[in-house]
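Have a look at the structure below, then the notes.
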Amino acid sequence: MEKNRKISFYGLSRSGKSCYIFAMAQALSQGLCFPDGEILTVKSPIPMQMAKLYKSYQQMTDGRWPAGNTESVDYNFNARLRLEKLMSFNLKDYRGGLLDTCDEDEIDEQDELFSSFEDSAVLLFFVGADTIIKAMEKDVESNIKLNFLSTLYENFLDRTNDARTPVMIVISKSDMLSPQELLKAKEFTKNKLQSMFGHGTNITAAITTVTLGKNLSNENGELEGDLIIGPTAGNIHIPIIYSLFCVISNKIEEAIGKLSSAQDDYKNAQNELNNEMSKSAFEKFFNNNENKIRNRINSSNNIIGKEKEALIELNNTLSKIKPFLLNGADVYINGTKL
Ligand SMILES: Nc1nc2c(ncn2[C@@H]2O[C@H](COP(=O)(O)OP(=O)(O)O)[C@@H](O)[C@H]2O)c(=O)[nH]1
Ligand SMILES: [Mg+2]
């Protein structure tokens, strides 16, 4: 049953994926507090992974940006609310250059990565604010980079027979832009990516901006500026909140399906019981189904109760995270903003 709990990151080299993972793990392991006092945490259950994540974060606080990945690393995370597991997901921090390699020798490794994306609950596309600015200034390479995200998404659709998996565009390094520039960058990006944000696509697509701090810059690997990492600082929580939103929405759909089929079973069994009761005593003596039918009625009743309870719980959680989400992201369904 625990299918579709993978969050997949797309993003060319230097789009900010690794930094995001380190900052997110640091920020959300501290816990995000909801207005009612409940705490959401995101942590790796594997101590060695957590230690690795902390170390990479520490390297940044010590003033060095992480070096580009030479190999892929898999991380597993649990998102818990009141210690109850809402979702577990894995993130693959793959090596630089793999998404847009032209090297035929790497085609198998690339194919393996693309196929690992297929059973995702949500797709997050990372693109740096620096790239978008340059694309807006008509820089050819940056436009190619942005267009390449559409190509990657088409590849996903092709592999999954057009699965309507929700997507999010994450504009990283947003500290490089002023608030007005950010608005323009979002509009520009949305217009470029019509396969996600256009009308008639029938998909849920969101766009957000994230940053690790203020006035950050990179001088030969040296980190300058102010790192500001906290549960809601720089929108670091938003891509995860959106993923949770998608996973919980899926669970709600599942529960509604189960509920309605249990309700159908209940009605059918109820009808059969009426027929059974109208049989003659003589017929009943030879062919009595009453107990069997009553058992069916009971068990569909149990399922109905259970699924209704689950739905209340899921809707509760959804309404709790919704204000956070809409505060930090623009969400479009079939091209129309929520
Ligand atoms: N200004 C700014 N630069 C960032 C931020 N996050 C990452 N960077 C820069 O982007 C570079 C690439 O980030 P990285 O996470 O390694 O990209 P990846 O190749 O997608 O994993 C870093 O070395 C930093 O110079 C940010 O929040 N603000
Ligand atoms: Mg990386």
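The values are calculated or read from the model by the stated rules, or taken from the named source; none is laboratory data. On a predicted model such as this, the values are computed, not experimentally measured, just so you know. In this analysis, Cβ positions are derived from the backbone assuming ideal geometry, glycine residues included, and neighbour counts consider all displayed protein chains.
Checking Lys85 against (1) assigned to a strand (DSSP E or B); (2) in contact with a Lys or Arg (Cβ under 9 Å, 6 or more places away or on another chain); (3) surrounded by fewer than 17 Cβ atoms within 10 Å (Cβ to Cβ), which test does it fail?
(2)
Condition first: hydroxyl-bearing (Ser, Thr, Tyr), within 25 Å of Thr209 (Cα to Cα) and part of a helix (DSSP H, G or I). Can you find one or more residues in the stretch 92-112 that meet it?
Step one: filter the stretch 92-112 for residues hydroxyl-bearing (Ser, Thr, Tyr), giving 94, 101.
From the residues that got through so far, the ones that are within 25 Å of Thr209 (Cα to Cα) too are 94.
Narrowing the set further to residues that are part of a helix (DSSP H, G or I) leaves none.
Within the stretch 92-112 (the criterion being hydroxyl-bearing (Ser, Thr, Tyr), within 25 Å of Thr209 (Cα to Cα) and part of a helix (DSSP H, G or I)), the answer is no, since none of the residues qualifies.
Out of the residues in the stretch 258-315 meeting the condition of being under 34 Å from the mean Cα position of the chain (by Cα) and among the basic types (Lys, Arg), tell me which one is farthest from Phe245 (Cα to Cα).
Across the stretch 258-315, the extreme among qualifying residues is Lys306.
Please specify each residue of the stretch 14-29 satisfying the condition of being charged (D, E, K, R) and either more than 12 Å from ligand 1 (Cβ to nearest atom) or outside any helix (DSSP H, G or I) (or both). Let's see the steps before the verdict.
Of the stretch 14-29, the ones charged (D, E, K, R) are 14, 17.
Residue satisfying the conditions is Arg14 alone.
Answer yes if at least one residue in the stretch 57-73 is over 26 Å from Tyr242 (Cα atoms), among the charged types (D, E, K, R) and in a strand (DSSP E or B), and no otherwise.
Yes; the residues of the stretch 57-73 include at least one that is over 26 Å from Tyr242 (Cα atoms), among the charged types (D, E, K, R) and in a strand (DSSP E or B).
Kindly indicate whether any position in the stretch 227-249 is in the same structural domain as Phe34 (by TED's automatic domain parsing) and over 29 Å from the mean Cα position of the chain (by Cα).
Within the stretch 227-249, none of the residues are in the same structural domain as Phe34 (by TED's automatic domain parsing) and over 29 Å from the mean Cα position of the chain (by Cα).
Restricting to the stretch 266-288, count the residues that are outside any helix (DSSP H, G or I) and of a type in the set (S, T, N, Q). First the steps, then the outcome.
Here is the first cut: in the stretch 266-288, the ones outside any helix (DSSP H, G or I) are 278-280, 287-288.
Still in the running and of a type in the set (S, T, N, Q): 278, 280, 287-288.
Count: 4.
Do we find a residue being among the basic types (Lys, Arg), outside any helix (DSSP H, G or I) and either touching a strand residue (DSSP E or B) at 6+ places or on another chain (Cβ under 6 Å) or within 23 Å of Tyr332 (Cα to Cα) (or both) anywhere in the stretch 133-155?
At the first step, the residues of the stretch 133-155 found to be among the basic types (Lys, Arg) are 134, 138, 145.
Okay, now just the ones that are also outside any helix (DSSP H, G or I), so 138.
If we keep only those that are either touching a strand residue (DSSP E or B) at 6+ places or on another chain (Cβ under 6 Å) or within 23 Å of Tyr332 (Cα to Cα) (or both) as well, we get none.
No, the stretch 133-155 has no match at all.
Has the stretch 172-180 got any residue that is in contact with a Cys (Cβ under 9 Å, 6 or more places away or on another chain) and among the basic types (Lys, Arg)?
Kept after step one, since they are in contact with a Cys (Cβ under 9 Å, 6 or more places away or on another chain), are these residues of the stretch 172-180: 172-173.
Subsequent filtering for residues that are among the basic types (Lys, Arg) retains 173.
Yes - at least one qualifying residue is present in the stretch 172-180.
Among the residues that make up the stretch 52-65, is at least one of them within 11 Å of ligand 1 (Cβ to nearest atom) and closer than 21 Å to Ser116 by Cα?
no
Could you say which residue among Leu259, Leu216, Leu311 is outside any helix (DSSP H, G or I), of a type in the set (A, V, I, L, M, F, W, C) and at pLDDT 95 or above? If you could, list the steps in order and put the result at the bottom.
Numbers: Leu259 fails: outside any helix (DSSP H, G or I); Leu311 fails: outside any helix (DSSP H, G or I).
From the options Leu259, Leu216, Leu311, the qualifying one is Leu216.
Within the stretch 164-186, how many residues turn out to be among the charged types (D, E, K, R) and under 22 Å from the mean Cα position of the chain (by Cα)?
Step one: list which residues in the stretch 164-186 are among the charged types (D, E, K, R), which gives 164, 173, 175, 181, 184, 186.
Filter again for under 22 Å from the mean Cα position of the chain (by Cα), leaving 164, 173, 186.
Residues that pass the stated criteria total 3.
Please determine whether any residue of the stretch 119-131 is more than 12 Å from ligand 1 (Cβ to nearest atom) and assigned to a loop (DSSP other than H, G, I, E, B).
Taking the stretch 119-131 as the starting set, the residues that turn out to be more than 12 Å from ligand 1 (Cβ to nearest atom) are 119-123.
Keeping just the survivors that are assigned to a loop (DSSP other than H, G, I, E, B) gives 119.
For the stretch 119-131, residues more than 12 Å from ligand 1 (Cβ to nearest atom) and assigned to a loop (DSSP other than H, G, I, E, B): present.
When both residues are 6+ apart or on different chains and their Cβ atoms are under 7 Å apart, which pairs have a first residue that lies in the stretch 57-70 and is more than 9 Å from Cys19 (Cβ to Cβ), and a second that is more than 10 Å from ligand 2 (Cβ to nearest atom) and assigned to a loop (DSSP other than H, G, I, E, B)?
Going by the 7 Å Cβ cut-off, the qualifying pairs are Arg64/Gly221.
As an exercise: evaluate Gly225 against (1) more than 30 Å from Leu157 (Cβ to Cβ); (2) part of a helix (DSSP H, G or I) and give the number of the one condition it does not meet.
Condition (2) is where Gly225 drops out.
Being away from ligand 2 (no atom under 16 Å from the Cβ), surrounded by 15 or more Cβ atoms within 10 Å (Cβ to Cβ) and of a type in the set (Ser, Thr, Tyr) narrows it down to one of Thr41, Thr61, so name that one.
Values: Thr61 fails: surrounded by 15 or more Cβ atoms within 10 Å (Cβ to Cβ).
Every option except Thr41 fails the conditions.
Find all pairs meeting these conditions: Cβ atoms under 8 angstrom apart; at least six residues apart or on different chains; first residue within the stretch 327-338 and closer than 15 Å to Thr201 by Cβ; second residue assigned to a loop (DSSP other than H, G, I, E, B) and among the small types (Gly, Ala, Ser).
Sorted first by the residue in the stretch 327-338, then by its partner, the pairs are Asn334/Gly200; Gly335/Gly198; Gly335/Gly200.
Taking the condition of being closer than 20 Å to Ser15 by Cβ, in a helix (DSSP H, G or I) and within 16 Å of ligand 1 (Cβ to nearest atom), how many residues in the stretch 156-183 meet it?
Looking only at that region, the number is 5.
Every residue in the stretch 212-227 that is without any contact (Cβ under 8 Å) to a residue 60 or more places away in the chain and in contact with a Ser or Thr (Cβ under 8 Å, 6 or more places away or on another chain), please.
Quick first cut of the stretch 212-227, residues without any contact (Cβ under 8 Å) to a residue 60 or more places away in the chain only: 213-217, 219-220, 225-226.
Passing the criteria: only Gly225.
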